[in-house]
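J.: Starting off with a structure, shown below.
The values are calculated or read from the model by the stated rules, or taken from the named source; none is laboratory data. If you're wondering where the values come from, they're calculated on a predicted model, not measured in any experiment. Counting neighbours? That spans all protein chains shown, and the Cβs are built from the backbone with ideal geometry, glycine included.
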Amino acid sequence: MRILFIARPNLYTDPGGDTIQIDNTAKCLRKLSIEVDIILSNKKKIDYYHYDLVHFFNVITCEDLLGHALKCKVPYVISTIYVDYREYDKYHRKDLIGLLSKVLTASQIEFLKTLAKFLLKGEKVSTLSYFLKGHRGSIKYLLRNAAYILPNSESEYRRVVNDFGIQCRKQVVTCAIDQSIFSDENVNGYHKEDLVLCVGRIEGRKNQLNLIRSANDNKFTLKLIGNASVNQRSYVNACKAEAGSTVEFIPFLTQAELTTYYKKAKVHVLPSWFETAGLVTMEAAAMGCNIVIADKGDVREYFGDLAYYCDPSSPESIAEAIALALKNPVNSALQKKVLTEFTWERAAEQTYSVYQKVLEMEQAKSNK
C-alpha cells in the first residue's frame, strides 16, 4: 500500500501539533509495512497515480489542499484538525483580527487573509478556484468529496457537521504521545517538586498572560517553555513585563529535552482558549504530572474527570485549579490512561483501518 501525505507548506519551518502528528503517524504506518511519502502542498507536480490513496491534513488550510483535491483521481481522506478559535478572536484578541471577528465569520476572515497574502505578498494558492468557491465553499468541497474524514475526537466531528452541514464517513483518530520518549519508566526515581510548567508558544490563544498573573498573585514557581510568537510581539512583551520573580521563560525545547522538566514538575498547566487535546498536556500526563487545563475545546473527551479544569478568563480560577493540583498526589489513573489509550501506534492502527475500508470500497466499485 502506498500513501501520500499532503500538508501545509510551512509544516517544518513553523512546526506545530500537526507536524508531530504527521511525522509520528507516518513513522508508525511504515512499521506496518505501508509506504508513506510526505509532500508539502506547494509542490506543483505530483504523480498522484503512484499512490493508492492521498491523505490531506488540516482542512482549515483549504487553499493549500483544494488544487490537489481537484486534480487527484485517487481517493482521499482528510485529518480535519478543525479547531475553533472564534471565542478568543471575538472577545479577547486586541488586534485587527479581533476587530474583524466582531463583524465577520471565521471563514470570511480566513478568505480575506488568504486574499491579502496573494495580492500583497505574492503567496500562491493551490488553485484559483479557491477564490471562486470562497473559504467555506472550498472546505465544503473537500469534505463532500472525501472518502473518509479523520477527526481527533467525536466533538471535533460534531463541530465539522454543525459548521458545514455535511455528514461524512468518519473514524476518530486520537492525538497521541511517543512512548519511546514519554513513559512512566522515564519518571522512576525522580522526586516531584512544587513546580508548575506551561509548554507552548507564547501567544494569546495559549493564554500565558492570565497564567502569569495567577503566579504573581499566588507566588508559585512557574516555568514557561516555548518560543515567542513572531506575530504577537505586543502580547509577548506584556507577558514579560508582568512576569514576577517566580516566573521564568525558557526557549523552545525538543521533546527529548522536555522530559527533564516533566520529570521534576508536579503540575503542567495549559489554560488555552481552545485545545483539541493538547499534545504537551498528554506528554506531561504520561510523565506523571497532574494537569490543569481550560474547560474549552475537546479536552474533556480525552481526560474526563482526571484533570483539573479552570476558566481561562480568570487568573483566580487558574490559581485555584493549580493549588489543588499541587496539593493532591500524582494521578496514576491519568498517567495509565494516556500511556495505554493515546499512543501513535494505536493512532496508526486507527488510520490504517480507514485506508483498508477506502480501498475495499474502491475495489467494490471497480467490480461492478
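J.: Which residues, counting only those in segment 300-322, are surrounded by 19 or more Cβ atoms within 10 Å (Cβ to Cβ), among the aromatic types (F, W, Y) and not in a helix (DSSP H, G or I)?
T.: Y308
J.: Being touching a Gly at 6+ places or on another chain (Cβ under 9 Å), crowded, with 22+ Cβ neighbours inside 10 Å and not aromatic (F, W, Y), is that true of even one residue in segment 15-37? Steps first, please.
T.: Taking segment 15-37 as the starting set, the residues that turn out to be touching a Gly at 6+ places or on another chain (Cβ under 9 Å) are 17.
Filter again for crowded, with 22+ Cβ neighbours inside 10 Å, leaving none.
No, the conditions are met nowhere in segment 15-37.
J.: Got at least one residue in segment 138-151 being within 30 Å of S332 (Cα to Cα) and either crowded, with 21+ Cβ neighbours inside 10 Å or among the small types (G, A, S) (or both)? Show your work before the answer.
T.: Taking segment 138-151 and keeping what is within 30 Å of S332 (Cα to Cα), we get 150-151.
Add one more test, that the residue is either crowded, with 21+ Cβ neighbours inside 10 Å or among the small types (G, A, S) (or both), and what stays is 150-151.
Looking through segment 138-151, at least one residue is within 30 Å of S332 (Cα to Cα) and either crowded, with 21+ Cβ neighbours inside 10 Å or among the small types (G, A, S) (or both).
J.: Only one of these is buried (at least 17 other Cβ atoms within 10 Å of the Cβ) and in contact with a helix residue (DSSP H, G or I) (Cβ under 7 Å, 6 or more places away or on another chain): G200, G226. Name it. Spell out how you get there, then give the answer.
T.: Numbers: G226 fails: in contact with a helix residue (DSSP H, G or I) (Cβ under 7 Å, 6 or more places away or on another chain).
That would be G200, the only listed residue that is buried (at least 17 other Cβ atoms within 10 Å of the Cβ) and in contact with a helix residue (DSSP H, G or I) (Cβ under 7 Å, 6 or more places away or on another chain).
J.: Given (1) of a type outside the set (G, A, S); (2) in a loop (DSSP other than H, G, I, E, B); (3) surrounded by fewer than 21 Cβ atoms within 10 Å (Cβ to Cβ); (4) in contact (Cβ under 8 Å) with a residue 24 or more places away in the chain, where does M361 come up short, assuming only one miss?
T.: (2)
J.: Kindly provide the set of residues from segment 218-245 that are closer than 14 Å to V199 by Cβ and not aliphatic (A, V, I, L, M), ordered by number.
T.: K223, G226, N227
J.: Quick one: which of V172, V161 is assigned by TED's automatic domain parsing to the domain that holds Y85 and in a helix (DSSP H, G or I)? It would help to see each step written out before you state the result.
T.: Numbers: V172 fails: in a helix (DSSP H, G or I).
Just one listed residue meets the conditions, V161.
J.: Can you run down the residue pairs with Cβ atoms below 9 Å, 6 or more apart or on separate chains, where the first is in segment 326-337 and under 16 Å from I293 (Cα atoms) and the partner is among the charged types (D, E, K, R)?
T.: Correct list of pairs: L326/D194; L326/K266; V330/K192; V330/K266; Q335/D184.
J.: If a residue has to be under 24 Å from the mean Cα position of the chain (by Cα) and closer than 12 Å to L66 by Cβ to count, how many in segment 109-129 make the cut?
T.: 3
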